[in-house]
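Notes for the one structure printed next.
The values are calculated or read from the model by the stated rules, or taken from the named source; none is laboratory data. Quantities reported herein were computed from a predicted structural model and do not represent experimental measurements. Cβ: placed from backbone, ideal geometry, glycine included. Neighbour counts: every protein chain shown.
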Amino acid sequence: MEHATVHEIPVCVGPVDAVRAFRLAAESAGWRVVRHEGKRPVHRMALIIPLQQSARTFGILIDDGPLEGAAMQAWSHTPGSAGEITTTEWVLPDVIDHEMWPSFICAWARELPRMPNRWTFGERSRIGYFLPEYGRSRRRLKAWGLDPKVKRIDEIEVDWPPLSIDESE
């Protein structure tokens, strides 16, 4: 039985952009991907009462290659009275190539319209300026190889797509 680790990471781009970037990074390496949609329950605070709502999710799964089984699901919801926050859920099986993962994350970030952990002042003000999600996002992406000091996506150094065994000889 395979084990997997699940990570929830808030990002400042929309769910469609996050899934599209994942697909483009995986397809540029020549891997098959499977897309899926669904719904998931999310909580919203109305004054002091938590309300449960459902959010539409977009997801994608790598179907072959060294990162086979890695998946991402993204959704957007309003946690308070204003401002949406996008959350990405990453499922990483223990059997994937963990040496290739940082390069894949950098390739994913390079396909996004902007850095995934760089919220604008206006976005932070609407959502909640001191929420722990911002630091959580920055720390997790840094642990995966994305430099938090990089401000623009064109500054990301990426070695992608990986060379296949035939090309490296």
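Does at least one position in the stretch 129-141 carry a residue that is within 27 Å of residue 38 (Cβ to Cβ), of a type in the set (A, V, I, L, M) and within 13 Å of the chain's Cα centre (by Cα)?
So the first thing to find is which residues in the stretch 129-141 are within 27 Å of residue 38 (Cβ to Cβ), and the list is 131-134, 136-137, 140-141.
Then keep just the ones that are of a type in the set (A, V, I, L, M); that gives 131, 141.
If we keep only those that are within 13 Å of the chain's Cα centre (by Cα) as well, we get 141.
Checked against the condition, which is being within 27 Å of residue 38 (Cβ to Cβ), of a type in the set (A, V, I, L, M) and within 13 Å of the chain's Cα centre (by Cα), the stretch 129-141 yields at least one hit.
Which residue pairs have Cβ atoms under 8 Å apart, sit 6 or more places apart or on different chains, and have a first residue in the stretch 17-31 that is touching a residue at least 40 places away in the same chain (Cβ under 8 Å) and closer than 13 Å to residue 153 by Cβ and a second that is hydrophobic (A, V, I, L, M, F, W, C) and surrounded by fewer than 19 Cβ atoms within 10 Å (Cβ to Cβ)?
Taking only residues 6 or more apart or on different chains, the pairs are 25/160.
Tell me the strands (runs of 3 or more DSSP E) entirely within the stretch 1-116 that contain at least 3 residues that are at pLDDT 95 or above, β-branched (Val, Ile, Thr) and touching a helix residue (DSSP H, G or I) at 6+ places or on another chain (Cβ under 7 Å). Outline the logic, then answer.
Numbers: elements: 4-11, 33-46, 49-62, 71-77, 85-93.
Answer list for the stretch 1-116: none.
For the stretch 120-147, give me each residue that is touching a Pro at 6+ places or on another chain (Cβ under 9 Å), touching a residue at least 12 places away in the same chain (Cβ under 8 Å) and within 14 Å of residue 8 (Cα to Cα).
Matches in the stretch 120-147: 133, 134, 136, 137, 138, 141, 144.
Please pick out the residue among 70, 74, 82 that is aliphatic (A, V, I, L, M) and closer than 13 Å to residue 20 by Cα.
Details: 70 fails: closer than 13 Å to residue 20 by Cα; 82 fails: closer than 13 Å to residue 20 by Cα.
So the residue among 70, 74, 82 that is aliphatic (A, V, I, L, M) and closer than 13 Å to residue 20 by Cα is 74.
I need the full set of residues from the stretch 76-102 which are closer than 21 Å to residue 146 by Cβ and exposed (fewer than 14 other Cβ atoms within 10 Å of the Cβ), in order please. Spell out how you get there, then give the answer.
Taking the stretch 76-102 first, the residues closer than 21 Å to residue 146 by Cβ are 76, 85-93, 96-102.
Listed by number, the residues that qualify are 98, 99.
Report yes if residue 140 is closer than 18 Å to residue 21 by Cβ, of a type in the set (D, E, K, R) and in a helix (DSSP H, G or I), otherwise no.
Numbers: closer than 18 Å to residue 21 by Cβ: yes; of a type in the set (D, E, K, R): yes; in a helix (DSSP H, G or I): yes.
The answer is yes for residue 140.
Just to be sure before I move on: is residue 54 closer than 30 Å to residue 2 by Cα, exposed (fewer than 14 other Cβ atoms within 10 Å of the Cβ) and hydroxyl-bearing (Ser, Thr, Tyr) in the structure I sent?
On the way: closer than 30 Å to residue 2 by Cα: yes; exposed (fewer than 14 other Cβ atoms within 10 Å of the Cβ): yes; hydroxyl-bearing (Ser, Thr, Tyr): yes.
It is true that residue 54 is closer than 30 Å to residue 2 by Cα, exposed (fewer than 14 other Cβ atoms within 10 Å of the Cβ) and hydroxyl-bearing (Ser, Thr, Tyr).
For the list (1) among the β-branched types (Val, Ile, Thr); (2) surrounded by 12 or more Cβ atoms within 10 Å (Cβ to Cβ); (3) under 25 Å from residue 103 (Cα atoms), I need the number of the one condition that residue 42 fails.
Condition not satisfied by residue 42: (3).
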